[in-house]
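What follows is a set of notes on a single structure, which appears directly below.
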Amino acid sequence: MKLLLIGIVIMIVFLLVYAIVPTILIRMNRWGILKRTQSDAIAITFDDGPNPIYTPQLLDLLKKYKVKATFFVVGSKVKRYPEIIKRMSEEGHTVGIHHFHHVSSWIITPFRLKRQLQLTEQAIAECTQEKVIFYRPPWGHFNLFSLFISKSYKKIMWSHIFGDWKVEKGKNGLLEELREAAEPGSILLLHDCGETLGADPEAPSYMIKNLEIYLREAIDHGTRFIPLKE
C-alpha cells in the first residue's frame, strides 16, 4: 500500500511538472502564443476536422458569405479526406496543425509530440502545396517541451470559446455568445467535427445554423473576417 501511494504521488508530481503547470504558465503569461490578432477584423477558427459531412457544408456557407477562415485539422483525417483540405486551400482559407491524432500533449512524450506535428504538417502540405505556419494543440494543452518542439510554428489560442461541441449549446446560447464576440482582433473557436472525446456527433450541424445567422448579421454591420495568414 505504501509503495502504491508513493507511485501515485510521483505520477501526480510528474503530471504537474510536465503538463499542467507549463500549460497554466504559457497561457496565463502568453509565452509564445497568440490569443488575439492586431487586426481590426475577426478571425474565425475551426478545430477537429475535416469531417466528410459537416466541413463541406461549412465551406459552402463561408463561400456564400465570402468569408475566409482558419481550420486546425487532425492529420489522420487529412489523410482520409484530402480533397476537403485541397478545397480549403483553393478557397483561400488557412490550414493549420491540430496533431495527427486528437491527443493531448499532456500524455505524450516529446518525441511523439514532434511526430504528431511532423506527420500533420506533411499531410497538409501534400494537399495545399503551401508551408504550414500555424499550430493549435488539442484542448489548448501544452507540456514542458511544447514551445521548443513547436518553435517553427505560430501557436494560436483563442479569445472566445463557445462550447459548441455540445448540441445543447447549439440549441441554447451559441448565437447570443457569437453576437457578443464582436471586438476587433478576436479569435473565435468553433468546431466542424463532433467525433472527439466529450463532443456530440450532431453538434456541428447546430453550429453551422447559428453561424449563418451570425455571419449575415455581422456582415450587415460591417464586420470583417480574415484567415490567420492575413
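From the list Gln57, Gln38, Gln118, the lone residue that is free of Cβ contacts under 8 Å to residues at least 40 places away in the same chain and on the phi < 0 side of the Ramachandran plot is Gln118.
In the range 106-156, of all residues being small (Gly, Ala, Ser) and farther than 23 Å from Arg80 by Cα, the one that is surrounded by the fewest Cβ atoms within 10 Å (Cβ to Cβ) corresponds to Ser152.
Checking the structure you have, find out if any residue of the range 211-227 is on the phi > 0 side of the Ramachandran plot and free of Cβ contacts under 8 Å to residues at least 12 places away in the same chain. The answer is yes; a qualifying residue exists. Restricting the range 24-50 to residues that are open to solvent by 10 Å² or more (accessible area, probe 1.4 Å) and among the polar types (S, T, N, Q) leaves a set whose member that is farthest from Lys151 (Cα to Cα) is Ser39. Has the range 133-154 got any residue that is in contact with a Gly (Cβ under 8 Å, 6 or more places away or on another chain), of a type outside the set (Gly, Ala, Ser), outside any loop (DSSP other than H, G, I, E, B) and under 23 Å from Pro56 (Cα atoms)? Yes, there is a match, as at least one residue in the range 133-154 is in contact with a Gly (Cβ under 8 Å, 6 or more places away or on another chain), of a type outside the set (Gly, Ala, Ser), outside any loop (DSSP other than H, G, I, E, B) and under 23 Å from Pro56 (Cα atoms). Only one of the numbered conditions (1) among the hydroxyl-bearing types (Ser, Thr, Tyr); (2) touching a Ser or Thr at 6+ places or on another chain (Cβ under 7 Å); (3) more than 25 Å from Pro204 (Cβ to Cβ) is violated by Thr109, and that is (2).
Is one or more of the residues making up the range 214-229 over 24 Å from Pro56 (Cβ atoms), of a type in the set (Asp, Glu), open to solvent by 60 Å² or more (accessible area, probe 1.4 Å) and not in a helix (DSSP H, G or I)? Scanning the range 214-229 turns up no residue that is over 24 Å from Pro56 (Cβ atoms), of a type in the set (Asp, Glu), open to solvent by 60 Å² or more (accessible area, probe 1.4 Å) and not in a helix (DSSP H, G or I). Helices (runs of 4 or more DSSP H) fully within the range 1-109 that include at least 3 residues being farther than 23 Å from Phe142 by Cα and modelled with pLDDT of 95 or more: 54-64, 82-90.
Restricting Val95, Val73, Val103, Val78 to residues that are out of contact with any strand residue (DSSP E or B) (no Cβ under 8 Å at 6 or more places or on another chain) and buried (at least 23 other Cβ atoms within 10 Å of the Cβ) narrows the list to Val78.
Any idea how many residues of the range 8-23 are open to solvent by 70 Å² or more (accessible area, probe 1.4 Å) and without any contact (Cβ under 8 Å) to a residue 60 or more places away in the chain? Selection size over the range 8-23: 8. With the condition kept exactly as written, say whether any residue in the range 163-183 is part of a strand (DSSP E or B), among the aliphatic types (A, V, I, L, M) and either open to solvent by 40 Å² or more (accessible area, probe 1.4 Å) or touching a helix residue (DSSP H, G or I) at 6+ places or on another chain (Cβ under 9 Å) (or both). There is no residue in the range 163-183 that is part of a strand (DSSP E or B), among the aliphatic types (A, V, I, L, M) and either open to solvent by 40 Å² or more (accessible area, probe 1.4 Å) or touching a helix residue (DSSP H, G or I) at 6+ places or on another chain (Cβ under 9 Å) (or both). Once the range 188-213 is narrowed to residues that are under 15 Å from Phe72 (Cβ atoms) and charged (D, E, K, R), the residue that is surrounded by the fewest Cβ atoms within 10 Å (Cβ to Cβ) is Glu195.
The values are calculated or read from the model by the stated rules, or taken from the named source; none is laboratory data. Remember, it's a predicted structure, so these values are computed and weren't measured experimentally. Backbone-built Cβ (ideal geometry, glycine too); neighbour counts: all protein chains shown. SASA here: full protein model, heavy atoms, side chains in, ligands and nucleic acids out. Shrake-Rupley method; radii C 1.70, N 1.55, O 1.52, S 1.80 Å.
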